[in-house]
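Reviewing the structure listed below.
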Amino acid sequence: MKERILVTGGTGYIGSHTVVELQNAGYEVIIVDNLSNSRADVVDNIGQITGIRPAFEQVDCLDYAGLEAVFAKYEGIKGIIHFAASKAVGESVQKPLLYYRNNIVSLINILELMPKYGVEGIIFSSSCTVYGQPDQLPVTEEAPIKKAESPYGNTKQINEEIIRDTIHSGSPISAILLRYFNPIGAHPSALLGELPNGVPQNLIPYLTQTAIGIREKLSVFGDDYNTPDGSCIRDFINVVDLAKAHVVAIHRILEKKQAEQVEVFNIGTGRGVSVLELINAFEKSTGVKLNYQIVGRRAGDIEQVWANPERANKVLGWKAEASLEDTLLSAWKWQLRLRERGIQ
Ligand code: UD1
């Protein structure tokens with residue numbers, strides 16, 4: 001029988017790509033999502049790509065009883081991949097309680113239900129934001145956790161601690177914390193991708209919306225950083241590569257291959273790319289000229305961060321494979337498809 005995996009936030013950007021890869025790897029997936037930042041037709045699109053329509057339950061992870069009903073309905077769930085969370089850095093500064101409640105209570109509900117229903121392990125979506133501006137680059141998992149710059153970042157740190165404390169207290173579950181760098185791109189089919197609500201805050205959706213004419217100009221936040229071209233540097237990781245990291249991680253938990261009950265991995269390419277380099281790469285790979293201007297720095301931005309992904313490469317046997325050019329092309333094709341569908 002196929003092993004059952006519950007994916008919270010499974011209709012979201014990273015979640016939907018991960019559901020595809022889980023199904024391709026032979027897992028049975030149940031999606032839980034409240035659709036607060038995604039569309040129900042994502043489930044159809046996953047079905048179109050994989051030939052299997054995953055089970056979908058519209059439930060908010062804050063709703064303990066609703067969540068419990070899902071565990072009871074789908075007996076024998078083996079593992080959980082927990083994506084469901086609020087993720088806008090700026091909004092979290094405006095609405096800290098919303099962020100603390102959504103992100104923290106959801107996790108607590110899941111951790112309480114897991115042992116009750118015999119669920120063995122959880123993969124948690126963490127972020128390189130936990131490192132702040134690292135003292136050494138590329139950053140390894142051993143780098144110190146720095147004080148969070150936003151309530152959003154703080155929820156990632158707190159949630160990592162909640163998972164560690166729960167396991168140290170004797171909970172029988174296992175966990176893998178994946179610290180993502182900057183996920184970008186879309187599924188090569190252009191059936192899945194990033195669909196931000198309102199004006200995008202992140203670089204790639206703003207960039208592709210500018211390229212297609214929805215936005216007039218992309219603002220590059222700062223060219224006076226201490227980097228070769230003065231713009232910020234990030235580790236841009238293809239979303240399908242990132243999705244595949246979850247498949248190997250859940251496999252590791254279910255096969256009981258973990259060296260420790262809680263493990264943490266950086267999920268990045270190991271390559272730092274500046275914002276201006278990214279714009280150049282986009283223009284080159286798509287042939288589309290981008291209207292952009294340099295403006296002042298954005299408050300709270302880290303100057304430069306990229307991963308040392310060696311632990312994930314060696315221990316998980318996972319490696320980022322897609323080229324930056326192909327990834328940017330996939331983001332562009334997704335934006336074109338959204339226009340065809342009359343969405344954006
Ligand atoms: C942020 C969070 C990260 C979170 C991610 C997704 C921090 C430090 N990082 O990443 O944890 O997972 O958002 O929500 O909290 N830029 C522009 N113009 C734009 C938009 C962005 O120049 O219109 C620049 C930014 O200044 C930055 C880079 O592009 O240097 C990437 O920005 P963004 O896509 O927002 O991601 P992060 O801030 O790196």
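The values are calculated or read from the model by the stated rules, or taken from the named source; none is laboratory data. This structure is a prediction, so every number in the text was calculated from the model and none was measured. We place every Cβ from the backbone using ideal geometry, glycine too, and count neighbours over all the protein chains shown. Quick note on the areas: whole protein, heavy atoms, side chains included, nothing else; ligands and nucleic acids left out. Shrake-Rupley method; radii C 1.70, N 1.55, O 1.52, S 1.80 Å.
A few notes on this one:
- Looking at the stretch 142-294 alone, DSSP beta bridges between its own residues are antiparallel in about 15 percent of cases.
- Exposure rank, largest accessible area first [235, 229; 1.4 Å]: 229, 235
- Residue pairs, from the table 244/319; 2/319; 244/333; 73/244, whose Cα atoms sit over 18 Å apart: 2/319; 244/333; 73/244
- Global geometry of the stretch 82-172, whether rounded, prolate or oblate, following the gyration tensor of its Cα atoms and the 1.5 cut on a/c: oblate
- Local electrostatic count, residue 92, Cβ distance below 12 Å [Lys/Arg +1, Asp/Glu -1]: +2
- Probe 1.4 Å - accessible area at residue 194, Å² to nearest ten: 30 Å²
- Computed over protein heavy atoms with a 1.4 Å probe, the accessible surface of the stretch 210-344 works out to 48 Å² per residue.
- The angle between the Cα long axis of helix 275-286 and the longest principal axis of the Cα atoms of the chain comes to about 90 degrees, rounded to the nearest 10.
- Cα gyration tensor shape of the stretch 4-66, rounded if a/c is under 1.5, else prolate or oblate by comparing a/b with b/c: prolate
- Two-site FRET efficiency, residue 25 against residue 219, from Cβ-Cβ distance with R₀ of 41 Å, rounded to 0.05: 0.55
- Candidate aspartates and glutamates for bridging to residue 256, where Cα separation is under 15 Å - those fewer than 8 sequence places away on the same chain excluded: 3, 120
- Backbone N under 16 Å from the residue 98 label point (7 Å along Cα→Cβ), restricted to the stretch 25-50: 34-38
- Separation between Cα centres of the stretch 1-60 and the stretch 235-250, rounded to whole Å: 15 Å
- Distance between the pseudo-spin-label points of residue 133 and residue 39 (7 Å out from Cα toward the beta carbon): 4.0 nm.
- Global geometry of the stretch 118-229, whether rounded, prolate or oblate, following the gyration tensor of its Cα atoms and the 1.5 cut on a/c: oblate
- Degrees separating the helix 151-168 axis from the principal Cα axis of the chain, which is the longest one: 30 degrees
- The residues of the stretch 103-182 have, on average, 38 Å² of accessible surface per residue, using a 1.4 Å probe with all protein chains present.
- Taking the Cα centre of the chain as reference, the dipole from Cβ charges on Lys and Arg (+1) and Asp and Glu (-1) amounts to some 400 debye.
- The string of couplings for the stretch 258-268 from the Karplus curve (6.51, -1.76, 1.60, θ = phi - 60°) is 5, 7, 9, 5, 10, 10, 10, 9, 6, 10, x Hz, one whole number per residue in order, with x for Gly and Pro.
- The angle separating the long axis of helix 13-24 from the principal Cα axis of greatest extent in the chain is about 60 degrees.
- Expressed as a fraction of 2.2 N^0.38 Å, the value expected for a compact globular protein of N residues, the C-alpha radius of gyration of the chain is 0.95.
- Sequence-ordered 3J(HN,Hα) estimates for the stretch 139-147 from the Karplus curve with 6.51, -1.76 and 1.60 and θ = phi - 60° stand at 8, 9, 5, 7, 4, x, 7, 9, 4 Hz, glycine and proline given as x.
- Accessible carbon and sulfur surface of the chain relative to its total accessible area, %, 1.4 Å: 49 percent
- Centre separation in Å (Cα based) which lies between the stretch 85-140 and the stretch 281-341: 23 Å
- In the chain, the calculated helix contribution to ellipticity at 222 nm averages -11000 deg cm²/dmol per residue, counting -39,500 (n - 2.57) for every DSSP H run with n ≥ 4.
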